[in-house]
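In what follows, a single structure is set out as structure tokens and then discussed.
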Amino acid sequence: MNSIKKYLYNPFAIAIGFCILLISIFAVLWILVPPPPKAIEMATGFPTGLYYQFGERLKKEVATDGVNLEVKSTGGTIDNLALLNDPKSGVKFAMTQGGVADVTKYPNLVSIAGMFYEPVWVWYREPAFKSESGKLSVLGQLKGKRVAIGNEGSGTLALSTTLLKMSGIAENEIHTERLKPDEALAKLNSGDLDAAFIVAAAEAPALEKFYKIPGIRLMSFDQADAYTRNMPYLSKVNVPRGLLSIEHDLPRQDIQVIAPTATLVTQDNVSPAMISLLLSASYDILKSYSRLQKPGEFPSSIGMDFPLHVDAEIYLKDGPSFLHRHLPFWTAVWVGRFVKIVIPLLVIFIPLFTYIPSAKNFLLRLKLAQVYTELRELDKNAFNPVLKEKNFKDLEAIERRVNNIKVSMMDSKELYDLKGHVGDVRARLKHLYP
């Protein structure tokens, strides 16, 4: 018990204990605020598609900040969502097509930003629509036709199926084939298809292969406004004549298309630093995606299936944080991480500092109270001659302890009052036993 009291009254021991507590809390918070990973995996699409190429460009951008981005080729949006939702896949980011996901199936996914428009391009052969003067303007005209609606696992398949159903076309009223873009291209070129759905940005390399097919045209959606009103994740986009190819004059007149938004999606436990890094890199990349979108239009918060991550919302509104604006990426990360740890510590310990004077006063009073208890016992036994020698020895021990007590200037009165009372007890004992 005495050894415990000794440590309680020892300021050096208290300081050591406080430092150990401080270090322990700092270590716990350091673990709870993990650094962002230096290697991440992103699901995209076919190597010939813009998702994949966008991923490759992101890879080059983030590599300059010491982050290794592995770009994974997939079948498209549905595959990407499955990989992102699977904790064992290793995929932390994915490109997805707006309007495809059933959000209720993916409660742990969030959007970082919409990156670019992905129009629904319906390529068709003019001879297949002779009764309509070789022109396809509403999807209802596809009844009885041979149509490629996208491959399994792709956003094209999900969206084209929805559009056909909304247009009142039953499964038995159309001959659909689930084909990859290259497969649809070959069949359209050979005349084995009448039309093909392709959902891709205007800059996608896959579109270039369609330009040289003879007798091919692009559908203008006369009901574009109706689709966008019924499907809010779609936007109406005007495509000027020759935008896709001036050489091949495609499209051959101004047309209007409907377009979902390609979105970068991640898990809700993503590091905020990764959001800042990817958004910063995407701004530079999207400057070259200017065919259909206005400068500065993307990245944006429109056309997304999943809720926007709070840090992404702040970034899109206010830009990068002060640290990321003025410091290299990893320097900003470690400084920001340190700040996130120090602030909670200050919240914890600043109120405690206000109690330090009270705690010191309490310890001093506890120490003095112990001496007064012993003095009271001496007073009680002072008239017992048998305890004469013991009383003097105990009093000497008390005097030595009192002389070793260190107090601040503000507490000097209490110490000197105690010394006066110790002197009174000695005077009483000397009077009784001269």
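The values are calculated or read from the model by the stated rules, or taken from the named source; none is laboratory data. Just so it is clear, the model here is predicted, and its values are computed rather than measured. Here Cβ is always computed from backbone atoms with ideal geometry, including for glycine, and neighbour counts include all displayed protein chains. Please note that ligands, DNA and RNA were not included when accessible areas were found on the heavy atoms of the full protein model with its side chains. Shrake-Rupley method; radii C 1.70, N 1.55, O 1.52, S 1.80 Å.
Could you please find all residues in segment 203-218 being within 20 Å of LYS180 (Cβ to Cβ), in contact with a Leu (Cβ under 9 Å, 6 or more places away or on another chain) and either touching a residue at least 60 places away in the same chain (Cβ under 8 Å) or not aromatic (Phe, Trp, Tyr) (or both)? GLU203, ALA204, PRO205, ALA206, LEU207, GLU208, LYS209, PHE210, ILE213, ILE216, LEU218, listed by residue number. Within segment 388-413, restricting attention to residues that are surrounded by 12 or more Cβ atoms within 10 Å (Cβ to Cβ) and either of a type in the set (Ser, Thr, Tyr) or out of contact with any Leu (no Cβ under 9 Å at 6 or more places or on another chain) (or both), the residue that is nearest to LYS367 (Cα to Cα) is ARG401. Would you check if there is a residue in segment 176-194 being open to solvent by 70 Å² or more (accessible area, probe 1.4 Å), without any contact (Cβ under 8 Å) to a residue 12 or more places away in the chain and aliphatic (A, V, I, L, M)? There is no residue in segment 176-194 that is open to solvent by 70 Å² or more (accessible area, probe 1.4 Å), without any contact (Cβ under 8 Å) to a residue 12 or more places away in the chain and aliphatic (A, V, I, L, M). Residues in segment 220-229: is at least one open to solvent by less than 10 Å² (accessible area, probe 1.4 Å), in contact (Cβ under 8 Å) with a residue 40 or more places away in the chain and out of contact with any Phe, Trp or Tyr (no Cβ under 6 Å at 6 or more places or on another chain)? Yes, segment 220-229 contains at least one residue that is open to solvent by less than 10 Å² (accessible area, probe 1.4 Å), in contact (Cβ under 8 Å) with a residue 40 or more places away in the chain and out of contact with any Phe, Trp or Tyr (no Cβ under 6 Å at 6 or more places or on another chain). Contact map, segment 266-287: residues that are in contact (Cβ under 8 Å) with a residue 40 or more places away in the chain paired with residues that are of a type in the set (Ser, Thr, Tyr) and open to solvent by 50 Å² or more (accessible area, probe 1.4 Å), Cβ distance under 8 Å, separation 6+ or inter-chain. Pairs shown: SER276/SER321. Return a yes/no flag: does segment 288-309 have any residue that is open to solvent by 20 Å² or more (accessible area, probe 1.4 Å) and in a helix (DSSP H, G or I). Within segment 288-309, none of the residues are open to solvent by 20 Å² or more (accessible area, probe 1.4 Å) and in a helix (DSSP H, G or I).
If you check SER290, SER301, SER271, SER282 for being among the polar types (S, T, N, Q) and modelled with pLDDT under 85, only one passes: SER290. The residue pairs whose first member lies in segment 396-412 and is closer than 15 Å to GLY423 by Cβ, whose second member is aromatic (Phe, Trp, Tyr) and modelled with pLDDT of 80 or more, and whose beta carbons are closer than 6 Å, counting only pairs six or more residues apart or on different chains, do not exist in this structure. The criterion of at least 2 residues that are farther than 26 Å from GLN253 by Cβ and modelled with pLDDT of 90 or more is met, among strands (runs of 3 or more DSSP E) falling completely within segment 119-224, by 175-177.
Within segment 105-151, being among the hydroxyl-bearing types (Ser, Thr, Tyr) and open to solvent by 10 Å² or more (accessible area, probe 1.4 Å) holds for TYR106, TYR117, SER131, SER133, SER137.
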